[in-house]
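The values are calculated or read from the model by the stated rules, or taken from the named source; none is laboratory data. These numbers were taken from a predicted model, which means no experiment stands behind them. Positions of Cβ are generated from backbone atoms using ideal geometry, with glycine treated the same way; all protein chains shown enter the neighbour counts.
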Amino acid sequence: MSILLWLIPLLPLAGAAVNGLLGRKFRFSERLIGTIACGTVALAFVCAVAAVVKYANSPTWPTPYVTSQDGWSFTWIAGGATEITEGQKERAQAGNTTSTRNSDGTLTASSTVKVASARGSVLNIEWSYQLDPLSAIFILIVTGVGLCIFVFATGYMHGDAGYYRFFAYMGLFMFSMLVLVLGSNFLLMFVGWEGVGLCSYLLIGYYFDRKEAGDASRKAFITNRIGDFGFALAVFAVIATFGTAQYTDVMRQASAYPIEMLGTFGIMSWIALGLFIGACGKSAQIPLYVWLPDAMAGPTPVSALIHAATMVTAGLYMVTRTNVIFQHSQTMMLIVAVVGALTALFAATIGITQNDIKKVLAYSTVSQLGFMFLACGVGAFVIGIFHVMTHAFFKALMFLGAGSVIHGMHHEQDMRRMGGLKRYMPKTFWTFIAGWLAICGIFPFSGFWSKDEILWRAAGTNYFSGGWMLWLIGTIAATCTAFYMTRLVAMTFWGRERFREVPAGGEADEAHAHGYDEMGLPHDAQLESAGDRPRHEPGEYVGEPHALPHDHHETRGGDVTDTHAAPHGHAIHEPHESPASMWIPLAVLAVLATIGGLVGIGPAFSGDGHPGGKLNIVNWLAPVVWNPVTKGFGTENEAGGAQARPATTENGHVTAPHEASEAAPYGDTGYNLAHTVERSFGSERAAEWFFILLSIVVALVGMGLGYLFYVKNPRLPDAWAARLRPLYRASYHKYWIDELYGLLVTRRTMDAAVGVYTVDAKVIDGAVNGVAALTRRTSNATGLFDRYVVDGIVNGIAYFIRGIMSRVLRAAQTGLTANYALVMVLGLVVAVLIIFYPDIMAAVRGG
Amino acid sequence: MSQLITPVLALLLQAEQPTTRGGVIWQGIQHPDLSKFLVIAALLFIIGVAGVLTRRNIIVIFMSIELILNAANLNFIAFSRYLQDAGYPNAVAGQVFTVFIIVVAAAEAAIGLGIVIALYRNRETIFVDKIDLLKW
């Protein structure tokens, strides 16, 4: 099993390495690149299935399986003898506080609190993978849905010059995501966390020659940095507090900490806050959600894989993984729930007025992520993960469907120029319908099961008071969801064929490469830098349509050919169905979106509990979730908790006996909507059915409104937009949040940068330049001395030798032998005169 | 040889009584006056040196050098004779040296002319002012 777990991340990495490093140099064909990428992901999926099946059947099932048990690990960061002692005091306090809390009787936890020994831990971070019910779900989602999207992308990216690059990034993303969910400690999660952030950045900015793609990728990266800041602090705090980063150790130690009620904000709350900030960044929650809609500048398969199905759910994974810590802090649970609910409603209201098909889906994703956090916040972590799974199915399906529409519409993303596509793209339409019904929450599509249960658990939460408000917000958001999704389907697939009415090129926020641009010239995309087609404003006149044969829409299989043989100018495009490599993944995901929810079938349909044993995702995941009442993990608490719980609380409320979490973990929380309904119906099942019917009704209301507005009476939207003009404008402009952030944060950052620059230019550079000027002055003075005095001496000597002496001496050197001989003779004469002077004089005198 | 010629010359020049010009010469030959030889040698030397210093043609310079050597030879001979007349009958070193010098001068002339020929082949001139190779 260890080797399988190791293979799961490594296979996509190997594929990415081959594609990325060799694909360009050896000019891999698209078929080869696609085969490598899809093949490695498919193998990883097979490995994941095998590992999960083996794990599910092993006798140690709910216990997390860490590969270091079998030696499949290595010490990644050797801490040596570093002692982590910060947590000692905390641990000591933990022991005291817990015992006092036990005395007041609020908690029924066992009196012996296993405080971790106040040893100075030796911090050795190991690289190993952990398989437990939570990571099992995630690796199945990531590899399974990922495989569908990879296959889709082979068709969607057909003809793009950066094909190899795209699949290299995608493979790298798969690796990072799998490390994130499989890693056995916080640092490994951080590695994956940053890895997916990097890949998200790379893939949003895939069409890097377009400004908005580059801007969007930077926006995503920087926004995520803010979240990662919190996450990193939380990881430090975890290591400082527990002396280890290994999940199993941390969770075991954290269980023993005292619970921090609303208002107290101890170490657990701080850790949870940091983690939640990280989750907000990655999972696009208020206030850090702004990057996700802009991230739609990336290719559509990227939006489906990263920004809908997998990466954005990493925050959910992290919150669920650390649910022990979160559940220790009532404050943080409340914050998580409130942020989730508000995000769900906020994003849903924005989604109503957006016109870009991908933007609608992006806000829908933000909204659904809000639902998931709402689930986590009210203690239903399992349901949150359940919604992650169903959302992965239906949202990936819808994104891919949107990609198929964009592909068929020739890079048109504006829904105002679609309509009536049902006739042209039946396969896309029918698969999209499955996703639509799923996200609206229609029985028995997958979204129904998870979303309904989230709302119900929000209504019945006993983690804090005010669950009914969260339920109300969630229900309104669900109505909005049904409404805007119906709007999307109606504007895209039904109604008039508006693409015949607007004679212009696509706005194409995101579009994969066309082979040629209007003038028949090879487009950028054919060149080294893969690029987008040229962009036009909506309605812009771009010239006469002209015939230009091109074949880039032919499928690799060749079974579906381009149905619009005609002009690829910017005249009317005849929409066409997508090739097999695109609609087959759609069909697979449609099936999953339809029946995928059945793995989490709720107690209302079975009578008691979640049926199906381990096959039910709720039972499967239960061991992961910590129970603040029994202070233990999973199923054993469910049973034990049910027994230990008194039938009635002091207030006389009948507590529902079907969930362990029904016992109020933080004491009584007052008015509880679910319990009130339950009492009025007299039966818990009846109350559950009431909520189920209610959620279906609100979904139907939303859908009916959408149908009324966009199919039945298409004049209504404009009329209502005019009537509610301020609201409409606010929603259309996304509540001006981007502008607000721009004003408050971006501009201020720029100002700060300008200020810092000014300081740098004036003060620091001034100091440097002043010193330089001073030095230059002094050096001028010494330079003068040097030039005139020192050099004067040297040059004077040199001039004397060269200019005067040499002239004299050189004149003597005539080179004529006769001259030298003359000198010799003269010398001889002189010598004779000197030596014989007395004799000569004597001879002269003496005569 | 000299024994055959000397009486003839003496008779012809009436050497017994040096009253005539020839007699004086004869007398001079029989008992040479050293200073006259030295003066002649000095003149030869000066002529040779002047030739060496002033002439351009290497051949002429050679000839001038020969003059200088011969001036030296003359001195050697003169001193040798002077010493013999002064009562040192074995004072023949000067004569021996003269023979050496003549031999060496011959050898030197051979070598020098060879150099001159080589020089002429290379530079097509034997004028020393054209061969100022000592000047860089």
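Restricting attention to the stretch A:698-722, and to residues there that are within 28 Å of A:Ala604 (Cα to Cα) and under 34 Å from the mean Cα position of the chain (by Cα), which single residue is surrounded by the fewest Cβ atoms within 10 Å (Cβ to Cβ)?
Quick first cut of the stretch A:698-722, residues within 28 Å of A:Ala604 (Cα to Cα) only: A:698-704.
If we keep only those that are under 34 Å from the mean Cα position of the chain (by Cα) as well, we get A:698-703.
Working: A:Val698: 22, A:Ala699: 28, A:Leu700: 16, A:Val701: 14, A:Gly702: 24, A:Met703: 24.
The selected residue is A:Val701.
Looking at A:Val768, A:Val825, A:Val808, A:Val794, just one residue is in a helix (DSSP H, G or I), more than 37 Å from the chain's Cα centre (by Cα) and within 14 Å of another protein chain (Cβ to nearest Cβ), and that residue is A:Val825. Please find, among B:Leu133, B:Leu43, B:Leu69, the residue that is more than 14 Å from chain A (Cβ to nearest Cβ), loosely packed, with under 15 Cβ neighbours inside 10 Å and under 23 Å from A:Met824 (Cβ atoms). It is B:Leu43.
In a residue-by-residue description of the stretch A:249-257, the property of being surrounded by fewer than 16 Cβ atoms within 10 Å (Cβ to Cβ) and touching a residue at least 12 places away in the same chain (Cβ under 8 Å) applies to no position.
Inspection of the stretch A:22-34 identifies no residue that is in contact (Cβ under 8 Å) with a residue 60 or more places away in the chain, in a helix (DSSP H, G or I) and within 30 Å of A:Asp132 (Cα to Cα).
Under the condition of being in contact with a His (Cβ under 8 Å, 6 or more places away or on another chain) and touching a residue at least 40 places away in the same chain (Cβ under 8 Å), which residue from the stretch A:598-616 is farthest from A:Ser450 (Cα to Cα)? Break it down into steps so the answer makes sense when it comes.
Taking the stretch A:598-616 and keeping what is in contact with a His (Cβ under 8 Å, 6 or more places away or on another chain), we get A:600-603, A:608-609, A:616.
Narrowing the set further to residues that are touching a residue at least 40 places away in the same chain (Cβ under 8 Å) leaves A:600-603, A:608-609.
Details: A:Gly600: 7, A:Ile601: 9, A:Gly602: 9, A:Pro603: 12, A:Asp608: 18, A:Gly609: 15 Å.
So the residue we want is A:Asp608.
Output the residue which, of all residues in the stretch B:105-128 that are outside any loop (DSSP other than H, G, I, E, B) and more than 27 Å from the chain's Cα centre (by Cα), is nearest to the other protein chains (Cβ to nearest Cβ). That would be B:Leu119.
Going by the conditions given, is B:Ser35 within 14 Å of another protein chain (Cβ to nearest Cβ), buried (at least 16 other Cβ atoms within 10 Å of the Cβ) and not hydrophobic (A, V, I, L, M, F, W, C)? Spell out how you get there, then give the answer.
Values: within 14 Å of another protein chain (Cβ to nearest Cβ): yes; buried (at least 16 other Cβ atoms within 10 Å of the Cβ): no; not hydrophobic (A, V, I, L, M, F, W, C): yes.
No: the conditions fail for B:Ser35.
Yes/no per residue for (1) farther than 17 Å from A:Met485 by Cα; (2) of a type outside the set (A, V, I, L, M):
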{"residue": "A:Phe371", "(1), (2)": "no, yes"}
{"residue": "A:His387", "(1), (2)": "yes, yes"}
{"residue": "A:Phe394", "(1), (2)": "no, yes"}
{"residue": "A:Met425", "(1), (2)": "yes, no"}
{"residue": "A:Phe432", "(1), (2)": "no, yes"}
{"residue": "A:Cys440", "(1), (2)": "no, yes"}
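One residue alone among B:Pro32, B:Pro7 is over 27 Å from B:Ile131 (Cα atoms) and outside any helix (DSSP H, G or I), and that residue is B:Pro32. Restricting the stretch A:811-822 to residues that are surrounded by 11 or more Cβ atoms within 10 Å (Cβ to Cβ) and either part of a helix (DSSP H, G or I) or at positive phi (or both), the residue that is nearest to the other protein chains (Cβ to nearest Cβ) is A:Gly815. Please work out if A:Tyr799 is in contact (Cβ under 8 Å) with a residue 40 or more places away in the chain and surrounded by 11 or more Cβ atoms within 10 Å (Cβ to Cβ). So A:Tyr799 fails the test.
For A:Pro59, are the conditions met, namely being in a loop (DSSP other than H, G, I, E, B) and modelled with pLDDT of 85 or more? Show your work before the answer.
Values: in a loop (DSSP other than H, G, I, E, B): yes; modelled with pLDDT of 85 or more: yes.
Yes, satisfied.
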